Structure formats: structure tokens, C-alpha cells
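Participant: Mind having a look at this structure? Questions to follow.
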There are 2 protein chains.
Amino acid sequence: MRPVDLEDRRDLITCGAAAGVAAAFRAPVGGVLFALEEVASWWRSALLWRTFFTTAVVAVTLRAFIQFCSTGTCGMFGEGGLIMYDVSSANVMYSASDILAVLLLGILGGIFGGLYNYGVDKVVRTYSIINERGASFKVLLVMLVSLLTSCCCFGLPWLVTCTACPSNSTESCSADSESDNYKSFQCGSGYYNDLATLLLNTNDDAIRNLFSSSTTKEFHISSLFIYFLAIYFLGIITYGIAIPSGLFIPVILAGAAYGRLVGRLFESISQLDTGLFSLLGAASLLGGTMRMTVSLCIILLELTNDLLLLPLVMLVLLISKTVADNFNKGVYDLIIIIKGLPYMEAHAESYMKHLVAVDVVSGPLVTFSGFEKVRNILYTLRTTGHNGFPVIDHPPLSDSSVLCGLVLRSHLLVLLKAKVFLTDNINSEGETLAKISALDFAKAGSGKGVKLENLDIDDEEMEMYVDLHPITNASPYTVVETMSLAKAAVLFRQLGLRHMCVVPKSQERPPIVGILTRHDLMPEHILGLLPDLNLHK
Amino acid sequence: MRPVDLEDRRDLITCGAAAGVAAAFRAPVGGVLFALEEVASWWRSALLWRTFFTTAVVAVTLRAFIQFCSTGTCGMFGEGGLIMYDVSSANVMYSASDILAVLLLGILGGIFGGLYNYGVDKVVRTYSIINERGASFKVLLVMLVSLLTSCCCFGLPWLVTCTACPSNSTESCSADSESDNYKSFQCGSGYYNDLATLLLNTNDDAIRNLFSSSTTKEFHISSLFIYFLAIYFLGIITYGIAIPSGLFIPVILAGAAYGRLVGRLFESISQLDTGLFSLLGAASLLGGTMRMTVSLCIILLELTNDLLLLPLVMLVLLISKTVADNFNKGVYDLIIIIKGLPYMEAHAESYMKHLVAVDVVSGPLVTFSGFEKVRNILYTLRTTGHNGFPVIDHPPLSDSSVLCGLVLRSHLLVLLKAKVFLTDNINSEGETLAKISALDFAKAGSGKGVKLENLDIDDEEMEMYVDLHPITNASPYTVVETMSLAKAAVLFRQLGLRHMCVVPKSQERPPIVGILTRHDLMPEHILGLLPDLNLHK
């Protein structure tokens, strides 16, 4: 087997994300597009093919398990089949007035989505401060949120009045059975509590109820309003506590309730089914929070199996994303910022156009010679946190000082561990390569390589030399120091680099000016180095 | 309005391709993915959003027109509604033996697809030789192919016997009407000719007939076989003649016939509907010729509205693409090669790893000084075809010769046209910028700028100077001459460059070694420069 390199690891992560979405929403193509639109910052056509293969396997496996479990042997797994919320039976005919209603739905969805992101941002920041104070605080927070959720679920239904059971329903609506779709709650036989029916069902069933087109009158406007508010705020305060909780399902629930609410309010002027309004509401809120387009479209399509709705769903997504983009960033981008991950935007910031690469080079540059003393290497590895070091050949090895390439910390450690030392600083390429194989470095690349503290090197070896040429990447990507920072950032991002060498423009100077990493290109770092930039904004 | 730059032009082309597919197949999301998978060689997330917006507009417009035309006022436009070949009513239950049949279908589809591409490649090469001989040859070729097609359509149905009209059909099956689905051809009343029903219908109706699940016995195995052969070979010989003809529809037709044929042959061991076999056959042949995955999947889904078939369609596409990839490239790649377009593969060729950037630099390097004589510029523009020229500042303008940047032919022409000349080679940046505006260059970028032959410069002006600094791109992307050619090619492709400067590694040399363009990175050029490479393969 070929060793797993950095590129493969990135691909595997992307494929994993695609497979997760494909399995969770039973949406294989949606999974591919989710990975494309949201996960991968660096896209190649080979990756499309790999994610597609992954989700195809997911789809076939899922299909087999659903068929196997269709008899009910696996609990609730596989309920609803491959299409979770089938609304394909609904009649989709719409006129100009419906389109207006849909436009309004999209605009409001964008505003609610932007507010949702604002709320999640504030809440997650607060929670991360609380969570840092210790495990007991984490547990306390989880307990508090759980308590609040329980209070809402069992308290709010008391606010609404009972509704008579629908006469035409195929599902039973009695006070006896626990597993029924209609929850009687405080109501007597022949009646049900519509809010309890939404709150006390599983999320899946609640979504199915909201999307359903045959149940127009079953949920009151007041109940939908209370339900929307409850889910919206519970969704915001739940994300970020120390239990796994998602974003998709709460947003779909809140959006579906909101859409159905709008549908009920527009009943008189729109012929569109309230169930379809519910679906469009879910789309608008998803678009407003996640800011994805194609992937959400396909995921919703694969969830609901209604291709005829596609033009409306596309329209709603376009509007809600455009509206919400005026307020803040997508929820995933906000979380990435909170976590402090150095995620590079596809587009360079505008102030970068006025800077050049050398402006953001920071810290002292640490370089190695082509033949470097073991002591120097060990000292440098201990005292700096850098992962890449330029290797420079000095005279008399070459006519003048020449940038030989870039050597990685992990590869240096492999060389030190293998003790491929020379007594003198003369060329001995054959010897070095004979002692180590490519596979040793493959392991290093996987992040599970040699640890610095595990090296055992005695004083005599400290004075020996290492030939760095065989392990030097002789073709590092370089930019001239006067290169526009915006263009350098685009290069960095498009090629998925980890290190970029900045070389001098004029001659008669050391052959390298500095090294740029992802962190050097982050706006926080640049604004920290050059605080005056804020003024020019 | 912002001027349209090169990047925007590329985006517009991609959006146009997406809109075309979206409208032709009424598949808006399929269009986005087609653009992503097949058209764009250089992808950005903004492009996803733009293509999505384009196809959303297409979808809404299409929906409005179809509704408007549903009364039949626009002829055949809008027939079938948003979903052209609705098969969603079919029952999709499959077992292990069905999967085996589907696997076989995929493998055979891959082989047929590979053969199809081989045929198209040979035929298009032959036709382009014929077409080059003049317009009369073109017309003759078209007439010959038309004649052959007509002979097939009206001759082949004589080979098959008549079939009794189905009793349960809702469509009329009489010899009188021309517009019927069932064509009587030579048969008497109450009978129809099944091959004529496929050949003499519109392509749309033929596909609908083949995909139909309610018509299992209506087409004989022998008729399907004849039809498949006819469409397969007619499809191959029709592409490349001087009339617009597509690839998608012939391949779908041939694939559907092939799939239905396999379905009929497997009738005894597979419970899958022959209509679904037909759809899977179309998928397999499409996968075998086009080699797309996600986009074909979505286009087929949007054509047929059957989400439950998705796992099987994905499986068939995976297999047929994998099988066919062993024989040759996808049909679009082959056509690009025939047309001689410098299309860069996403992955560098393996022999490029053994070369460095300077190996493929060819031709004499033409450079300009920062202040260049008008006569020299005009002479260079007349005698070379280059589009980009490095600008070098020589002493005493700088300490040593320094690469100032890259200047484009189109921008030079604007400067010459505006006659922004200096009598001496001294700095005068303000003056140059005052005489020309950014908009002049925007027009130049659109390819409709100043022509060389339209310049009118007298002898006195010939001896004057031009300050090239204001129009020089001071941040060209550069690679060191010892950079691995494979990495340089990846950089070129990922950043969508047109020129890349190769700079020397060691100092005390001119500051630029050469310029690489797309053509320099084409395999034909490299193998032409270094013929020995073929031996190392």
C-alpha cells in the first residue's frame, strides 16, 4: 500500500464529511456537494470522484440495511426508507402571488438566519469560557440546558387548548397509546394537543408532521408560533454545550414551523399548500444560517423527493443567503473563527492588495546549511516551534549562497532517529539514502512519527554532521518579496500550501527573506503586525 | 459597470455552459454540476454561487414558459413539463441477483462507451480532413450522412414483423393518424411496427417509450437489438459533420435501447422492471462515454424524477466509468485533443517530475527596459507573436538588473495608441497615468482593443520613449528555474495563469530566464523539445 501523505489525509477527511452527510440525510449526492461547498478548501477533480465513490458505497450500504431492517428488527433505524420526508404527492402549481409570498418567506428567512448565527456566535463564545473552567462547569451547563429544554417541552403544551381529532386521519388519535403521532397530553379522548404533538414526538416525526400537506388545519397558528420560538431559542442555546448536538435538525425544525406559520397566514391569498410552505421555510432558514446553495438544494431534494419544487427552493435559497450575507458570515465560518482555526478565505482581503509579501514575514528566520551539525539541529528543534526550515548551501559548496530547498521538522526527526550521521561535511548522498527508506518518512507525515524527547544522541554524535540534501524539498513554492500579498495569499490557498518561501528581489543578499505559513496570512496576524491598516479601511 | 476582465469572462463561459445544460435537460442542479465537473478547469467557490444563480434563473424562466405553453400554443415546447421522462411511478425493489445484472450492465456499458469514444475519435479526425477541403465537401458529407440516416429509419423497419396493438393501451394504435405514438408502417389496422415506433418517433418520445415500465412486451428483443446497433453507429458517424449535432441524446437513446435489451434478456432471473433497466443502460453508456459521475447522476435524476433509483444509478456510473477509463479518455477530452486546444490536465504527467521548469523554456526571450524606445516596441510586436513581455530595469535605474514585472501586448498597444511618449528616458509616472484611464485597458482585455496595423506613428515619435512602469504587472507569478516541472504545471493550472516567469536560481545572471505559457506545458511541446523522454516512459 502506498503511504498516506498529507494530500491523501485531506481527501480522506473530505470523504468522511461527505459520507456523514450522505448517511445522516440519506442524501448521497447532497453529501458530495456538502463536501465540495463547505468542507474542502482545496478542490481537485479527483476529489469529486473520490467523494462520489464514498457516498455511492454509503448509498448502497444504507439501502441494504434499510431493506434488512424494514421488518422492524433494528428499532427505529430505517424509518421512512431512503427518502425521509416524502412530499412528492403534493400538487405543485403556483402563480405570481405565490411567488411574492415565497419572496417574503426568503427575506424573513434570511433575517432569522442571520440572527440565529449571531445568537450561536455569542452563545458559543460564552459557553467556551464556562467550559474552560472545568469539567464540573461543563456538566452543570449541560444539566441547566437539559432542564430548560424539558421545561419547555412539558410546560408549553399547557398553554394551548385541545383540538378535536381529525375524522379522516388514518392514524389513531386516542389518549391510550404512547407511540401515537397525535399526543393527547392533558386532553380527553377524541382530542389532542397540537403543540405537544410537535414537541413530544421525535424530531423526525415532527418534521414529517410539519411538511405534511394533508394536515392543513391540524396545527393552530398560535401553536406554530410558540413552537417556532421555542425551537429557535433552544437550538441557539444548545449548540456548544458538552454533548454532541447538531445544527441541521434544529434549523430545519424551526424553519419548517416558521414556513408553516407563514403559509397559514397567507392562506387567503396563496394557493400553495402549507406543507410546501413549511419545506420552503426550512430551506430559507437553512440558507440563512448555513449559506450553502447547491448542496442544501440537493439535500432538501433528496430528503423530500419533490423535484417539481426545485425552482422555488432555489429561489428561496438565493434570497435568504443574499439577505443574510449582509449581516454576518455563515454559521460554520463563525465556528471556525471561534475555534481559532487558520481557515483561509478563497478571496484575499482587500487591504492585502496594498501590502507585499515581505510585510507580513515575522519572527527571526532560522535556516540550516546543506551539511548541518547535529547539535545545531537539535537545539533549533527544541527552541523553535517551526515545522519547516529553509536549507541554504553556502560557499565553498556553491559559488554563492543558494536556497537549496525546504526541510520539514518531521523528516529531520526521522533522520536523527536513524542516526544517519557523517563525521565530516562532505557529500555522501548514497550513504544517507541507503540507511533510510521512503516508508520511514511516510509515517512521519502521518503525524505519528518520532518525538523529539525520544531521541537519544550522545555527545560524540552531537558534533557530527547530517547531510540534509536527500530530505530537502528542492522545489518549494517561492514568491518574490515584492509580490502583492493578495496574490501570494491566493497562491497559498489555491495550492494548499503549508510553507511558502519569500525570496529577495535584488541580488547580493541572503537567498531567502522569510517563510510564510497559514498563520502569517490570517487577518488577525496581519492587523497585529500593521495596526495602522485599520485606519485605511 | 465594472469592466469585464479575464476572470469574469471565464466565469461567464462557465455560467453559460451551466445554463445550456439546465435548459436542455430541464436540470438546473445538473447544469451546475456539469459546469463544475466538465467545463471549469479552475474552480472557485464564488463560481459555484454564480452558476447556481444562473441556473436558478433558468429554472424559474423555464417553469414560467412551460406553464404558459401548456395549452399547446408554442408547438412542442414544454412537452413533458419540468421532468422530461417521469419514471417515478415504477416500483423499485431489488435483490442480490438484480445487483449482479446491474453490475454486468455497467461493465458492458463501459466497454460500449469506450468503443463509442474510439469511434467518435476516428470519425471526427477523418471528417476534419474532409471538411478542410472546402465547403462542397462539407455539404456532400452532410448529405451522405443524412441519406444513410434516412435509409436506416425507413429501411430497417421492413425487417421486423407486425405486432398486435396492446389492448390495455390508453393511446390510440390505428393506421390512420400520423401523430400517434404507435407507428403502423407497413402493418394493417390493429397492428403496429415496433422498430418504426422507435425510429420514426421524435427522440423524446423514443426515450419515453424505452424508459416506460408499462410497455414490457411492446418491443421485441430483435427490434431492440437492431435499434441499438443503428443508433449506436449513426451516433458515431453523425458527430463531427457540419451541422449541430449532440452527444447526449444519441448516447441516451443507444444506452436506453441497450439497457432494455439486457433487461429483456434477464427477464427470467431479475425482478427489476425493463424500463428501469433501460434507464440504467442509458446511465452506463453515458458514464462510459462522458466519464462524468455526479453531474450525470443529477441530470438523470432530474430527467426521470426517480430518487429511489439513485443507489443503482451511482453504482452503474462508477462501474462503467472505471471500466471505460482503462481504454481511453472521455469523449470531451478526446475532442479537445483533436481541436488542439491547450487544455491542461489537473494532474501533471509523471515524466514532468523528472524535469525542471527551465527544461521546457523555448525560443529566444524578448524583454523590454523600464523605459523603452517606441521603435523597439513596435518592431518586437510586429516580429513576435508573444502576448507577455518581461520588463527589466537596468542600471543606473537600479543597482543591478531587476525584473520589474510583466507587460501585456494589449496594454502596450493601448499605450502606443494614446501616444504617451517621452522625449527622454526619465521617470514621469504622473504624466503617463494622466493621459490614460483604467477603462482603456478594460477594453483591451476584452480582446477588442487596438490593432497593431491601426497604429499611426511617425518617424519622430519612433525615436521617443515609453514609460512601461505604470502598465507593468509588478507581481507576476514566478518559479525558480530548478523548480520541478510537475509543481510548476500544478501552479500554472491551479491559478489559471497565462504567463509564468522563470527566474534564475543563482545570482550574477540576468533576472529572468524565460517565460512559460500554456503551450509550453503541453505534452506535445515537451516531447517535441525532449524526444528522449518517450524512451523513459
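Participant: Roughly what % antiparallel, to the nearest 5, for the DSSP beta bridges in the protein assembly as shown? Present the calculation step by step, with values, prior to reporting the outcome.
Facilitator: On the way: 34 of 44 bridges.
Here the share of antiparallel DSSP bridges comes out near 75 percent.
Participant: Please report, for residue B:97, the nm distances (one decimal) from its label point, 7 Å out from Cα along the beta-carbon direction, to the equivalent points in the remaining copies, shortest first.
Facilitator: Inter-copy label distances (nm, one decimal, shortest first): 5.7.
Participant: Here is a follow-up. Loop by DSSP (not H, G, I, E, B), at most 15 other beta-carbon atoms within 10 Å: where is the longest site-free stretch of chain B for chymotrypsin sites (Phe, Trp or Tyr not before Pro)? Mind showing how you got there, number by number?
Facilitator: Numbers: sites that count: B:77, B:327, B:343.
Here the longest run is B:78-326.
Participant: Okay, next question. Ignoring everything except DSSP H segments at least 4 long, calculate the 222 nm mean residue ellipticity for chain A; use -39,500 (n - 2.57) per segment, divide by total residues, nearest 500. Intermediate results must be reported in sequence, preceding the final value.
Facilitator: Details: 21 runs with 270 residues, N = 537.
My calculation for chain A gives -16000 deg cm²/dmol from helical runs alone.
Participant: Turning to a different aspect of this structure: Restricting to the stretch A:352-529, what percent of DSSP beta bridges are antiparallel, rounded to 5? List each step's numbers first, then the result.
Facilitator: Values: 15 of 20 bridges.
Of the beta bridges lying entirely in the stretch A:352-529, close to 75 percent run antiparallel.
Participant: Given a 1.4 Å probe and every protein chain left where it sits, what share in percent of the accessible area of chain B is carbon and sulfur?
Facilitator: Values: 14290 of 23740 Å².
Carbon and sulfur together cover 60 percent of it.
Participant: A follow-up question, please. For residue A:384, place a label point 7 Å from Cα along the Cα-to-Cβ direction in every copy; what are the distances to the other copies, in nm, shortest first?
Facilitator: Values, ascending and in nm: 4.0.
Participant: How well do other chains shield peptide B:305-316, expressed as the mean number of their Cβ atoms within 10 Å of each residue Cβ? Don't skip to the answer; put the middle values down first.
Facilitator: Details: counts 5, 2, 14, 5, 1, 12, 12, 3, 4, 11, 5, 1.
Counting Cβ atoms of other protein chains within 10 Å of each residue's Cβ and averaging gives 6.
Participant: I would also like to ask the following. Can you give me the span-like helices of chain B, meaning DSSP H runs with 20 Å or more of Cα extent along the axis and Kyte-Doolittle mean at or above 1.0? Could the numbers behind the result be given before it?
Facilitator: Details: long enough: B:6-24 (27 Å, 0.45); B:45-69 (36 Å, 1.30); B:96-131 (51 Å, 1.04); B:135-155 (29 Å, 1.95); B:221-238 (25 Å, 2.16); B:248-265 (25 Å, 1.33); B:274-290 (23 Å, 1.34); B:310-325 (22 Å, 1.83).
Flagged H segments are B:45-69, B:96-131, B:135-155, B:221-238, B:248-265, B:274-290, B:310-325.
Participant: Tell me the distances, shortest first, between residue B:527 and the same position across the other copies, using label points 7 Å along Cα→Cβ, in nm to one decimal.
Facilitator: Those label-point separations list as 5.3 nm.
Participant: With both partners inside chain A, how many of the DSSP beta bridges are antiparallel, as a percent to the nearest 5? Could you put the intermediate results ahead of the total?
Facilitator: Numbers: 17 of 22 bridges.
Antiparallel bridges make up about 75 percent of those DSSP assigns within chain A.
Participant: Right, something else. I'd like the trypsin sites (Lys or Arg not before Pro) in the stretch A:211-312 restricted to DSSP loop residues with at most 12 other Cβ atoms within 10 Å, sorted by number. Present the calculation step by step, with values, prior to reporting the outcome.
Facilitator: Values: sites: A:217, A:260, A:264, A:291; in loops: A:217, A:291.
Filter output for the stretch A:211-312: A:217.
Participant: Right, next: Over the stretch A:6-78, calculate the relative contact order: mean separation of alpha carbon pairs under 8 Å at least 6 apart, over the residue count, as a percent. Could the numbers behind the result be given before it?
Facilitator: Values: 70 pairs, mean separation 21.9, N = 73.
Normalised by residue count, the contact order of the stretch A:6-78 is 30 percent.
Participant: Would you kindly find the accessible area of residue A:365, with a 1.4 Å probe and non-protein molecules such as ligands, DNA and RNA excluded, rounding to the nearest 10 Å²?
Facilitator: 70
The values are calculated or read from the model by the stated rules, or taken from the named source; none is laboratory data. Here the structure is a predicted model, which is why all the values come from computation and not from measurement. Note that we place each Cβ from the backbone using ideal geometry, even for glycine, and neighbour counts take in every protein chain shown. These area figures cover heavy atoms from the full protein model, side chains too; ligands, DNA and RNA do not enter into them. Shrake-Rupley method; radii C 1.70, N 1.55, O 1.52, S 1.80 Å.
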